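Student: Once you've had a glance at the structure underneath, I'll fire off some questions.
The values are calculated or read from the model by the stated rules, or taken from the named source; none is laboratory data. Model, not experiment: these values are computed from the prediction. Here Cβ is always computed from backbone atoms with ideal geometry, including for glycine, and neighbour counts include all displayed protein chains. Areas reflect the complete protein model, heavy atoms only, side chains present, ligands, DNA and RNA absent. Shrake-Rupley method; radii C 1.70, N 1.55, O 1.52, S 1.80 Å.
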Amino acid sequence: MSENTSPTNKQIILESKAITRNFGGLVAVNNVSLTVNQHEIFGLIGPNGAGKTTMFNLITGLIPPDRGELLFAGQVISQLSPHEIANLGIARTFQNIRLFGELSALENVIIGGHLHTKSNIITGVLGLPNAAKEEQKIREEALELLELIGLGNRSQEKAKNFAYGDQRRLEIARALALQPQILLLDEPAAGMNPSEKHELSEFIRNLRDRFNLTIILIEHHVPLVMGLCDRIAVLNFGQLIALGEPTLIRNNPAVIQAYLGDNKND
Ligand SMILES: Nc1ncnc2c1ncn2[C@@H]1O[C@H](COP(=O)(O)OP(=O)(O)OP(=O)(O)O)[C@@H](O)[C@H]1O
Ligand SMILES: [Mg+2]
């Protein structure tokens, strides 16, 4: 319905209003205000320690802000629990992969789907029909997601046995099982070789279109970010130093000095 990309008709799905988060004396995220539009692939870049993951932790409710407010589709979410925020439709992957290594690929994705289930523990325990049906549906959807990431024929293998790139995709599948509106990806290409990175880029774009997602991407690999993102925000020492389309970011002197000029360029 709202696939419109005209500048006058963009819908804001996520808003950060002057968000600040301190850790002891360190200001990890400093007065950051930005908006993310629906259906956008939004890049979040900056040097190590710039506050990118902290921003994701704030958005997903893992930590509360000290000051400021976060809004999802106009609703204030900054005081909600991670579970409540996930249920509203914000899912993420982690910079350090957080799969259950001893569980199968399928079970890992099913866990993501369970966050979304409407059956509660009681109906589940009593084995009531609705719960069984929902269980079956979650399982089928999980299998479809495994197909999508190319692991359909390895659904029973333990997560810990997958190659690094496959584990990263498995985390994405688990996040998708939540049926989110916003998907936050924290360095999904880390540790991938150049051809895997290229494939991942295509994959992310396809996900956005197929599931009508908004995607926020933290990534150090500059060519990937520049090629994939509609807009990019640059953090440096917790502060937002630039925000705009890739070409603007690429030519911004403050960004070049803080980030693009260093050895991360490839
Ligand atoms: N839970 C925490 N307790 C204390 N300090 C923290 C915590 N989380 C993050 N920090 C600090 O906040 C700053 C920002 O960290 P953050 O992980 O957000 O950076 P980043 O931009 O994701 O960096 P990287 O590119 O290395 O992943 C760093 O100095 C980090 O050490
Ligand atoms: Mg990080």
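Student: List the number of the failed condition for Ile256; all other conditions in (1) away from ligand 2 (no atom under 16 Å from the Cβ); (2) aliphatic (A, V, I, L, M); (3) open to solvent by less than 10 Å² (accessible area, probe 1.4 Å) hold.
Tutor: (3)
Student: Mind counting the residues in the range 28-48 that are in a loop (DSSP other than H, G, I, E, B), in contact (Cβ under 8 Å) with a residue 12 or more places away in the chain and over 17 Å from the mean Cα position of the chain (by Cα)?
Tutor: Total meeting the criteria: 1.
Student: If Thr93 meets every condition in (1) surrounded by fewer than 16 Cβ atoms within 10 Å (Cβ to Cβ); (2) touching an Asp or Glu at 6+ places or on another chain (Cβ under 6 Å); (3) of a type in the set (S, T, N, Q) apart from one, which number is that one?
Tutor: Among (1) surrounded by fewer than 16 Cβ atoms within 10 Å (Cβ to Cβ); (2) touching an Asp or Glu at 6+ places or on another chain (Cβ under 6 Å); (3) of a type in the set (S, T, N, Q), Thr93 violates only (1).
Student: So the check is Cβ under 7 Å with 6+ separation or different chains; which pairs have a first residue in the range 177-188 that's open to solvent by 10 Å² or more (accessible area, probe 1.4 Å) and a second one that's within 16 Å of ligand 2 (Cβ to nearest atom)?
Tutor: Correct list of pairs: Glu187/Gln95; Glu187/Ile218; Glu187/Glu219; Glu187/His220.
Student: For the range 73-112, enumerate the residues that are away from ligand 1 (no atom under 16 Å from the Cβ), of a type in the set (Ser, Thr, Tyr) and either part of a loop (DSSP other than H, G, I, E, B) or free of Cβ contacts under 8 Å to residues at least 24 places away in the same chain (or both).
Tutor: Selection gives Ser78, Ser81.
Rundown of residues vs (1) over 25 Å from Ile256 (Cβ atoms); (2) surrounded by 17 or more Cβ atoms within 10 Å (Cβ to Cβ); (3) in contact with a strand residue (DSSP E or B) (Cβ under 8 Å, 6 or more places away or on another chain), yes/no style:
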{"residue": "Glu15", "(1), (2), (3)": "yes, yes, yes"}
{"residue": "Arg21", "(1), (2), (3)": "yes, yes, yes"}
{"residue": "Val29", "(1), (2), (3)": "no, yes, yes"}
{"residue": "Asn37", "(1), (2), (3)": "yes, yes, yes"}
{"residue": "Leu62", "(1), (2), (3)": "yes, no, no"}
{"residue": "Val76", "(1), (2), (3)": "yes, no, yes"}
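Student: Being in contact (Cβ under 8 Å) with a residue 24 or more places away in the chain, farther than 17 Å from Lys197 by Cα and of a type in the set (D, E, K, R) is the filter here; which residues of the range 132-175 pass it?
Tutor: Passing the criteria: Arg139, Glu141, Arg154, Glu157, Lys158, Lys160, Arg174.
Student: From (1) outside the structural domain of Val222 (by TED's automatic domain parsing); (2) touching a Gly at 6+ places or on another chain (Cβ under 6 Å); (3) farther than 13 Å from Leu106 by Cα, pick out the condition that doesn't hold for Lys160.
Tutor: (3)
Yes/no per residue for (1) within 24 Å of Asn212 (Cβ to Cβ); (2) out of contact with any helix residue (DSSP H, G or I) (no Cβ under 6 Å at 6 or more places or on another chain); (3) surrounded by fewer than 22 Cβ atoms within 10 Å (Cβ to Cβ):
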| position | (1), (2), (3) |
| --- | --- |
| Gly150 | yes, yes, yes |
| Ser155 | no, no, yes |
| Ala159 | no, no, no |
| Arg169 | yes, yes, no |
| Ala190 | no, yes, yes |
| Pro194 | no, yes, yes |
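Student: So, one more: Take the residues in the range 118-128 that are open to solvent by 90 Å² or more (accessible area, probe 1.4 Å) and at pLDDT 55 or above, then tell me which one is nearest to Arg154 (Cα to Cα).
Tutor: The selected residue is Val125.
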